[in-house]
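For reference, the structure discussed in these notes is given below.
The values are calculated or read from the model by the stated rules, or taken from the named source; none is laboratory data. If you're wondering where the values come from, they're calculated on a predicted model, not measured in any experiment. Positions of Cβ are backbone-derived with ideal geometry, glycine not excepted, and every protein chain shown enters the neighbour counts. Accessible surface is based on the protein model in full, side chains and every heavy atom, while ligands, DNA and RNA are left aside. Shrake-Rupley method; radii C 1.70, N 1.55, O 1.52, S 1.80 Å.
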Amino acid sequence: MTNSTLTIDASVARLTLNRPDVHNAFDDQLIAELNAHLDQLQPLIKSGEIRVVVLGSEGNSFSAGADLNWMKRMVDYDVEDNLADSRKLATLMHRLDTLPCPTLCRVQGPAFGGAVGLAACCDIVIASDKARFCLSEVKIGLSPAVISPYVQRALGARQMRRYALSAEVIDAPTALSLGLAHQAVEHGALDSAVDAMLETLLAGSPQAQQATKALLEIVSQSPDSDATREQTCQVIAKLRVSQEGQEGLAGFFEKRRPAWAETPLSGYAKERRS
């Protein structure tokens, strides 16, 4: 059995951690699989075949973080071996964070350690009321080092200091208030909430979403520079004259849905709702 699965249904890709027997804890093999899946997705996203990526997991836990057997093996690693391992995890986080299409994270239960980083790398996080988040690393003498840029971006520097140093468990309502989650729902309503967000995302222009995601990264790095201001002008000017921009404006004035919004929600979601 593989540690993860990648399924494509209509224009939605679902990347799923599949180690429920160990609470979807990740090790070097799972990290390698996820990196390979993201490599596979890149050209499909660029071609427009994939519009949205949903990150989720099987079982009751989203992910317990690092696998205990993997951690036992790392005890005997030297600094260079640990660096190599850490760089693979860093690559995973960066690739997930920079996927050009919208990404949606479905958190049905506990997300500890590096799993908080996986959620923070996604554009939108929808959490069940059974979800729990914890930067647990300091309790075992480690640090949330590799995931820190992404989690701090979500929490803000002040809150990051508290939760990275205290290793407190963050419940779903608190995660929502902190900005780590965008929506918290009753456990039984989680899939319906994910499906509703998928419909919302699929109503947007694929080209505009990709351009906006790339632009927001630039704005976050340098919000008030001449170069950023010029880039904002370039993006909107190019979108206005693009095929999708022209179609979107035409649809608005003609009071009809633009062509891309006719993409149906995946059969998987429709079947589950019926």
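Of a type in the set (D, E, K, R) and either touching an Asp or Glu at 6+ places or on another chain (Cβ under 9 Å) or not in a helix (DSSP H, G or I) (or both): is that true of Arg162 in this structure?
yes
Starting from the stretch 49-64, keep only residues that are within 27 Å of Ser136 (Cα to Cα) and in contact (Cβ under 8 Å) with a residue 24 or more places away in the chain, then list their pairs with residues that are open to solvent by 40 Å² or more (accessible area, probe 1.4 Å) and assigned to a strand (DSSP E or B) whose Cβ atoms are within a distance under 6 Å, requiring at least 6 positions of separation or different chains.
What qualifies is Gly56/Arg106; Ser61/Pro110; Ala64/Phe112.
Would you mind finding the one in Leu6, Leu83, Leu15 that is open to solvent by less than 70 Å² (accessible area, probe 1.4 Å), without any contact (Cβ under 8 Å) to a residue 60 or more places away in the chain and out of contact with any helix residue (DSSP H, G or I) (no Cβ under 8 Å at 6 or more places or on another chain)?
Leu83
Quick one: count up the residues across the stretch 182-202 that are among the hydrophobic types (A, V, I, L, M, F, W, C), over 16 Å from Val54 (Cα atoms) and either part of a helix (DSSP H, G or I) or over 17 Å from the mean Cα position of the chain (by Cα) (or both). Give the derivation first.
Quick first cut of the stretch 182-202, residues among the hydrophobic types (A, V, I, L, M, F, W, C) only: 184-185, 189-190, 193-194, 196-198, 201-202.
Now restrict to residues that are over 16 Å from Val54 (Cα atoms): 184-185, 189.
From the residues that got through so far, the ones that are either part of a helix (DSSP H, G or I) or over 17 Å from the mean Cα position of the chain (by Cα) (or both) too are 185, 189.
Within the stretch 182-202, residues that are among the hydrophobic types (A, V, I, L, M, F, W, C), over 16 Å from Val54 (Cα atoms) and either part of a helix (DSSP H, G or I) or over 17 Å from the mean Cα position of the chain (by Cα) (or both) number 2.
Considering the stretch 135-153 alone, what residues qualify as being hydrophobic (A, V, I, L, M, F, W, C), under 10 Å from Ala164 (Cα atoms) and surrounded by fewer than 21 Cβ atoms within 10 Å (Cβ to Cβ)? Write out each step before concluding.
Initial filter on the stretch 135-153 (hydrophobic (A, V, I, L, M, F, W, C)): 135, 138, 140, 142, 145-147, 151.
Now drop any that are not under 10 Å from Ala164 (Cα atoms), which leaves 135, 138, 145, 151.
Answer for the stretch 135-153, where residues must be hydrophobic (A, V, I, L, M, F, W, C), under 10 Å from Ala164 (Cα atoms) and surrounded by fewer than 21 Cβ atoms within 10 Å (Cβ to Cβ): Val138, Ala145.
Hey, can you tell me all the residues within the stretch 47-60 that are over 14 Å from the mean Cα position of the chain (by Cα) and open to solvent by less than 10 Å² (accessible area, probe 1.4 Å)?
Listed by number, the list holds a single entry, Ile50.
List every residue pair whose Cβ atoms sit under 6 Å apart, with the two residues 6 or more apart in sequence or on different chains, where the first one lies in the stretch 27-40 and is in contact (Cβ under 8 Å) with a residue 24 or more places away in the chain and the second, anywhere, is basic (Lys, Arg).
Ile31/Lys88; Leu38/Arg95
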